[in-house]
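For reference, the structure discussed in these notes is given below.
The values are calculated or read from the model by the stated rules, or taken from the named source; none is laboratory data. These numbers come from a predicted model, not from an experiment. Cβ atoms come from the backbone with ideal geometry, glycine included; neighbour counts cover every protein chain shown. Side chains are part of the model used for accessible areas, which takes the heavy atoms of the whole protein and leaves out ligands, DNA and RNA. Shrake-Rupley method; radii C 1.70, N 1.55, O 1.52, S 1.80 Å.
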Amino acid sequence: MRQASSTLSFDTLGRGLTEITSDVSDWVEQAGMTDGLLTLLCRHTSASLLIQENAARAVRADLLAWFEHIAPEGDHYRHDDEGPDDMPAHLRATLTGVNLQIPVANGRMRLGTWQGIYLAEHRRRPHRREVAVHMIGQ
Amino acid sequence: MRQASSTLSFDTLGRGLTEITSDVSDWVEQAGMTDGLLTLLCRHTSASLLIQENAARAVRADLLAWFEHIAPEGDHYRHDDEGPDDMPAHLRATLTGVNLQIPVANGRMRLGTWQGIYLAEHRRRPHRREVAVHMIGQ
Amino acid sequence: MRQASSTLSFDTLGRGLTEITSDVSDWVEQAGMTDGLLTLLCRHTSASLLIQENAARAVRADLLAWFEHIAPEGDHYRHDDEGPDDMPAHLRATLTGVNLQIPVANGRMRLGTWQGIYLAEHRRRPHRREVAVHMIGQ
């Protein structure tokens with residue numbers, strides 16, 4: 001049994017979902033283990049990670065619209081020094097969470113057929129985001 | 001240190017919460033490890049996993065009503081080719097997440113007294129759902 | 001490769017967020033492993049765990065206000081035998097989740113600069129809360 005640990009960096013284009021499934025899959029391959037447990041941690045408080053539909057683009061559009069509905073921008077937040085999109089970004093990151101765990105078997109992540117891994121950028125502007133990756137196995 | 005990996009399948013009855021605590025517990029026992037880390041991954045985008053109250057049935061009824069309030073059905077979604085219950089199902093799965101991790105000690109999951117593991121079906125119709133299970137330990 | 005498992009207890013002061021980053025960090029140090037995977041599980045259904053902003057206090061105030069907005073107290077719940085703050089507490093715990101996983105490298109949790117670990121108490125009154133901690137690594 002052994003482990004590997006690294007950081008993946010992604011440049012986001014502002015608010016939206018970036019699919020990172022193949023980047024993560026490539027890292028697992030590099031790590032040289034075929035069976036184990038993969039963990040991802042988004043190292044930010046206004047970006048997050050989630051697993052969702054990888055086929056229908058409309059799902060992502062609806063998901064973003066729902067984030068805006070459920071945690072809207074507005075002048076009712078106390079924390080506004082970084083702009084009106086900052087506090088809603090913290091709320092949306094809390095809603096979706098910053099952690100994912102995926103068992104790996106026979107060299108493949110055990111995701112379902114329609115599942116993709118997404119990095120969610122909740123700020124309006126582009127940011128460089130880091131995702132800590134860890135695998136333990138053999 | 002060693003690991004075990006498998007898939008548990010569940011037939012849901014349509015929208016609702018199915019307690020799977022004893023199924024998971026049985027699998028841990030079969031895996032033959034008494035101490036370690038258990039990981040669950042629901043392999044779907046319209047069903048999810050959560051840990052909640054295992055005693056009061058009313059908690060589950062209120063939880064389902066809240067899901068319907070917070071991510072309602074309606075004609076305002078772009079993604080509707082699979083019916084009006086599909087996009088809300090994706091939103092509710094995002095809200096609750098598809099992952100759980102539970103430390104195991106002395107052959108028992110370290111859940112609190114009132115905690116049960118639930119598979120949440122967010123589609124109206126019955127579905128067969130798969131949960132990937134993984135344990136590493138000894 | 002080895003593992004360590006324990007329980008951390010916290011006395012909350014009623015509804016609010018308690019930062020537990022240094023308690024968790026101290027436990028990792030005691031566990032005597034410098035590299036591995038740390039898992040936390042809040043053993044309750046009306047308290048939860050989350051990673052958020054550790055600098056601006058206003059973020060926590062806005063987060064609590066959002067919890068109250070999104071899962072309000074009221075007389076519309078079926079489950080009310082433990083008081084009007086009980087069912088909203090279950091909903092808020094479901095929203096944020098009871099699990100966290102953090103890779104550890106060179107003796108430090110791989111959190112981002114602005115990330116802190118918080119125990120969220122969702123009941124009005126003070127409670128003693130237990131967090132199961134587990135680390136596997138070397």
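For the range B:76-108, a decrease in accessible area of 50 Å² or greater in the assembled protein chains relative to the isolated chain, with a 1.4 Å probe, applies to B:ARG78, B:HIS79, B:LEU91, B:THR94, B:LEU95, B:ASN99, B:GLN101, B:PRO103.
If you take the Cα centroid of the range C:16-34 and the Cα centroid of the range B:12-40, the two points sit 28 Å apart. Here the protein assembly as shown is assigned +1 on the Cβ of each Lys and Arg and -1 on the Cβ of each Asp and Glu. Its dipole about the Cα centre then comes out at about 880 debye. In a reduced charge model with +1 at each Lys and Arg Cβ and -1 at each Asp and Glu Cβ, the range B:2-137 shows a dipole moment near 340 debye about its Cα centre. With the biggest extent put first, the Cα atoms of the protein assembly as shown measure 49, 47, 45 Å across the principal axes. Taking only alpha carbon atoms, the range C:63-135 gives an Rg to Rh ratio of 1.07, where Rh is the Kirkwood radius.
If R₀ is 45 angstrom, what is the calculated FRET efficiency for the pair B:ASP81 and A:ARG78, using the beta carbon separation as r and rounding to 0.05? Please list the in-between numbers first.
Numbers: r = 42 Å, r/R0 = 0.93.
Efficiency for this residue pair is about 0.60.
Largest GNM mean-square fluctuation across C:ALA31, C:ALA93, C:ALA56, computed for chain C with C-alpha springs under 10 Å, falls on C:ALA56.
Taking the centroid of alpha carbons for each part, the range A:72-138 and the range B:76-131 are 18 Å apart. Placing A:LEU64, A:LEU40 in order of accessible area, with the largest value first and a 1.4 Å probe, yields A:LEU64, A:LEU40. Shape descriptor for chain B: Rg over Rh equals 1.02 (Cα atoms; Rh from the Kirkwood inverse mean 1/r). For the rotational copies B and A, the chain B residue with its Cβ nearest the relating axis, together with that separation in Å, is B:MET1, 3.
Here B:GLY74 yields copy-to-copy label distances, from shortest upward, of 1.4, 1.4 nm, the label point defined as 7 Å from Cα along Cα to C-beta. Using C-alpha pairs below 8 Å separated by at least 6 residues, the relative contact order for the range A:43-138 is 49 percent.
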